[in-house]
Amino acid sequence: MSDATLPPSAALAGPTNSPARVLGASLIGTTIEFFDFYAYATAAVLVFPTLFFPGSDPMTALLASFATFSIAFFARPFGALVFGHYGDRIGRKTTLVAALLTMGISTVIIGLLPGYERIGIAAPLLLALCRFGQGFGLGGEWGGAVLLATENAPEGKRSWYGMFPQLGAPVGLFLSSGLFWVLLHFMSQEQLLSWGWRIPFVGSILLIAVGLWVRLSLTETPEFQKAIDKEERVAVPAAELFRHHKRSLVLGTFVALVTFVLFYICSAYLLSYNIKVRGISFKDALAVQIYGSVIFGIAIVIAGKVADRTGRYAFLLVVTALIAAFSFALAPLLTGSVAQIYGFVTLGMFLMGLTYGVIGAALAAPFPTEVRYTGSSMTFNFAGIFGASLAPYAATWLATAYGMWAVGLYLLAAAAITMVCILLIGRDKV
């Protein structure tokens, strides 16, 4: 095939990545990052209240543990700014490698930390610092992985390609929850609290090595290579973003709001609710989460296929309306039988997969190539602050103070805000 018959971006870019390599690299990177992230979320419920916050009553210790959990979401925009700057200046590939290393090193160190009984107040402080490092790395990882996929996508397949980095979230959740579940089959709860919890954190170094090997074999994306060739890069992408793209940044943040609220109610909060309130065993509570991750993954694949046919704008409007309707079922399902809890997870994680599957491509769409890494990363991570950082804490507090109906109202409010912002941002920007 001659250059004349190639797509314009391919002719300019030179050697290109194969679809399998692109999609594999975007998937494995986010899988590793989210494995690390969810391992912390699981340990924040099962282990950290006892190990790092002893001496408090169980609910206070859990809330303190969730507070350290939230630190990562406030760190993520800083990671988005730093990694986004270099991703828009020097390229997607190099920046993704650096983000993966930042996240991975922070995770491994968590697995080596001594507890409160050994070093006192320094233990939770070091835990918080490492959690900041996790968030900082993930802040740079997500946007680059989405761009790696979508900027290599053929015409009409951006939602499908953009689905692959999103699929890393349920795969990471499945692996992290599954590993804790396996550990509990081979050791007692006391052994898990003593040393077993460290295995997922330290063991993630093997996944990191695989991820680095895959990513170092990539070439730059065609669209970014085109920006290099045409000298379209800007000196300070963040300044350009805040100067000319504030509307897309603000609306994009709240387009993703309900995605985060729904997910952390259906994962971190549900895990703590099942164990602390319902009295379900650790293993059975993790089994619920593993099941939910499978439903989550299936729905993401469906979303990637359907959204390319219907358009992301219409697709997101319909799914957001369904999440609003689901909020009214939250309290009856969660306060019912174990079968009803599985019903809650089935509906909640399916809806979560539908919205999450397209949100990556939707958040990248409004921004030009020269600020797309920074812009998509900032919107996603600002949404994490408003939607995810406080979701487990807020849901726990609302349920304790007012009852489960208040948690449903919280989800409904998030859906309403997202619906308004999708309508405001418009079809052409999603």
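Nothing in this text is a laboratory measurement; each read-out follows from the coordinates by a stated rule. Only a predicted model underlies this, so the values are computations on that prediction, with no experimental measurement involved. In this analysis, Cβ positions are derived from the backbone assuming ideal geometry, glycine residues included, and neighbour counts consider all displayed protein chains.
Couple of notes before you dig in:
- Across the range 101-244, the mean sequence separation of Cα contacts (distance under 8 Å, 6 or more residues apart), normalised by length, yields a relative contact order of 31 percent.
- Lysine pairs within the chain, Cα separation less than 20 Å, 8 or more sequence positions apart or different chains: 7
- Rounded to 0.05, the FRET efficiency of the Phe328 and Thr219 pair, given R0 = 60 Å and the Cβ-Cβ distance, is 0.75.
- The range 320-391 and the range 149-179 have Cα centres lying 15 Å from one another.
- Cβ-placed point charges (K, R +1; D, E -1), dipole of the chain about Cα centre in debye, nearest 20: 300
- With neighbour counts taken as other beta-carbon atoms within 10 Å, the residues Phe186, Phe136 rank, fewest first, as Phe186, Phe136.
- The chain: calculated mean residue ellipticity at 222 nm from DSSP helix runs of at least 4, using -39500 (n - 2.57): -26000 deg cm²/dmol
- Using a Gaussian network model of the chain in which every pair of alpha carbons under 10 angstrom is joined by a spring, one finds that among Ile228, Ile323, Ile265 the greatest mean-square fluctuation is at Ile228.
- Ranking of Phe242, Phe52 by count of other Cβ atoms within 10 Å, fewest first: Phe242, Phe52
- Normalised contact order of the range 110-195, rounded percent, pairs of Cα under 8 Å and 6 or more residues apart: 15
- Between Ala416 and Lys246, the simple spin-label model (points 7 angstrom out along Cα→Cβ) gives 2.7 nm.
- Normalised contact order of the chain, rounded percent, pairs of Cα under 8 Å and 6 or more residues apart: 26
- Distant alpha-carbon pairs in the range 162-308 (separation over 22 angstrom), percent: 61
- Whole-Hz ³J(HN,Hα) from phi, Karplus 6.51 cos²θ - 1.76 cosθ + 1.60, for the range 199-215, glycine and proline x: 4, x, 6, 6, x, 5, 4, 5, 5, 4, 4, 5, x, 5, 4, 5, 6
- The string of couplings for the range 175-185 from the Karplus curve (6.51, -1.76, 1.60, θ = phi - 60°) is 5, 5, 5, x, 5, 4, 5, 5, 4, 6, 7 Hz, one whole number per residue in order, with x for Gly and Pro.
- Residues Val202, Val108 arranged by fewest to most Cβ contacts within 10 Å: Val202, Val108
- Computed about its Cα centre, the charge dipole of the range 87-169 is approximately 60 debye, with only Lys, Arg, Asp and Glu carrying charge at their Cβ.
- Label selected from (i) 22, 43, 30, 5, 0; (ii) 28, 58, 13, 0; (iii) 21, 40, 21, 10, 5, 3, 0, the criterion being P(r) over Cα pairs in 20 Å bins from 0, in percent as computed here: (ii)
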